[in-house]
Structure formats: structure tokens, C-alpha cells
Amino acid sequence: MNAAAGDTRDRVLTVPNVLSALRLVLIGVFVYLLLASHSYGWATAVLFASGASDWADGKIARLMNQYSRLGELLDPAVDRLYMVVVPVAMAIAGILPWWIIGVLLVRDGLLAALLPVLRSRGLTALPVTYIGKAATFALMSALPLILLGQWDALWSRVIGACGWALLIWGIYLYLWSFVLYLIQLGMVVRQLPRVSA
């Protein structure tokens, strides 16, 4: 029984993993559409497809019991890559101001700098908080809406304003989740002894 459970965790070819790999490819497609061909409509469609597949891979993993070690690594890695590449591409295109990119990158850089402290306590990551999930959802939802707000029409301006509101809220949640991670890290350092090499 345990051996079978171990075998299923080692699976590579699962629907959620395929969806995560597709999202990884879509990041490159998005950058090409936005910066090379200036196809804002198609770039927006790619962002929506990427967001839908992100939701679907988690749902399918739960419903079909298709959890895997690869999925546990690949899904958050693609999310992090998305949260870096997409805003940077939008800043290069002149859609987002660079200070927003700075806030996102500094926050993620500080989190990455804390990894050696976690590893010294035998951990690879902190548990994801609901605030962190809400922040990622708000930011991932905001970016395509801001992109939709680039047309000179009333509907576009309204959608764009909604996108900016979500982006500001998402940045606030993103920073607040960082504070919560710092609190978790403090608890880990106080409660867990160092792991010998």
C-alpha cells in the first residue's frame, strides 16, 4: 500500500503537470505577442488561458488524486516565473511603471534570501498562506485586465480601472504576506534546532 502511494507520488505524466508545462510555454508566447508582434488582444487571451490552466491544474490534482512531487515543485515555480516575466514584459512595453516591478522583485528576492535559514532548520519552504494565495490571485487577475484597458474605448477604460484596483490591492496583500512569512520564519528559528550538515 505504501509502495503504491510512493509510486503515484513519483509520476511525471499527469494532467496537472502537463497543464503546468503548458503554462510555462505560454509565458514565452505571451512575451513574443506583447513585445515582438504587439498583439495585445492575443497576449491578453494567453494570460486568461494561463490563469485558467493554473486554476484547473490544482482542481484536477485534488479531484483525480494526481498529486506528484514534480507538480509540487513545477506549479509554484511557474507561478513565480509568471509573476516576474509578465510584469517585466508589461513594463518594457510601457504599460506598467517600473516601481511596481521593483516592489515585486525586491519582495521575492528577500524571500529567496531567507531560504538558507529555512534549510538550516531542515525545511525547504514555508507553508503557503491564504493571504499569499489571495495576493497571487489578485495580481494574476489584474495583469490581463490592465492589458485589456489599453484600448481607447469606455469599456476598456472601465476594465483597466478595475485591473489597477486589483493590482494595488494585490501588491498590498503581497507585502502583507511577506510580513506573515517573516513571522513564520521567526517561529521556525525559535522552535526548530539547526540541522547538522
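The values are calculated or read from the model by the stated rules, or taken from the named source; none is laboratory data. The model shown is predicted, which means the values in this text are computed figures rather than measured ones. Cβ coordinates were reconstructed from backbone atoms using ideal geometry, including for glycine residues, and neighbour counts include every protein chain displayed. Note: areas computed on protein heavy atoms with side chains; ligands, DNA, RNA excluded. Shrake-Rupley method; radii C 1.70, N 1.55, O 1.52, S 1.80 Å.
Some points to look at:
- With all protein chains kept in place, the per residue accessible area of the range 126-197 amounts to 60 square angstrom at a probe of 1.4 angstrom.
- Candidate residues K133, K59: accessible-area rank, largest first, probe 1.4 Å: K133, K59
- Sites W55 and V195, calculated FRET efficiency, Cβ-Cβ separation with R0 30 Å, nearest 0.05: 0.25
- Here the Gaussian network model covers the chain, with springs between Cα atoms less than 10 Å apart; of G94, G170, G58, G94 fluctuates the most.
- Simple point charges give the picture: +1 on the Cβ of Lys and Arg, -1 on the Cβ of Asp and Glu, and for the chain a dipole about the Cα centre of about 540 debye.
- Remark: the range 26-91 carries 49 Å² of accessible area per residue (probe radius 1.4 Å; ligands, DNA and RNA excluded).
- Using a Gaussian network model of the chain in which every pair of alpha carbons under 10 angstrom is joined by a spring, one finds that among V88, V78, V103 the greatest mean-square fluctuation is at V103.
- Heavy-atom accessible area ranking, 1.4 Å probe, most first, across F30, F48: F48, F30
- Ranked order, M83, M187, M140, M64 - accessible area, probe 1.4 Å, largest first: M64, M187, M140, M83
- Surface/4 of the Cα convex hull for the chain, nm²: 13.1
- Portion, in percent, of the accessible area of the chain that falls on carbon or sulfur, probe 1.4 Å: 72
- Local charge for G132 was computed over the other residues whose Cβ lies under 13 Å away, with Lys and Arg +1 and Asp and Glu -1, and equals +1.
- For the range 107-197, fraction of C-alpha pairs farther apart than 18 Å, in %: 55
- Selected from A93, A112, A21 as most flexible by GNM, with the chain as the system and alpha-carbon contacts under 10 Å: A112
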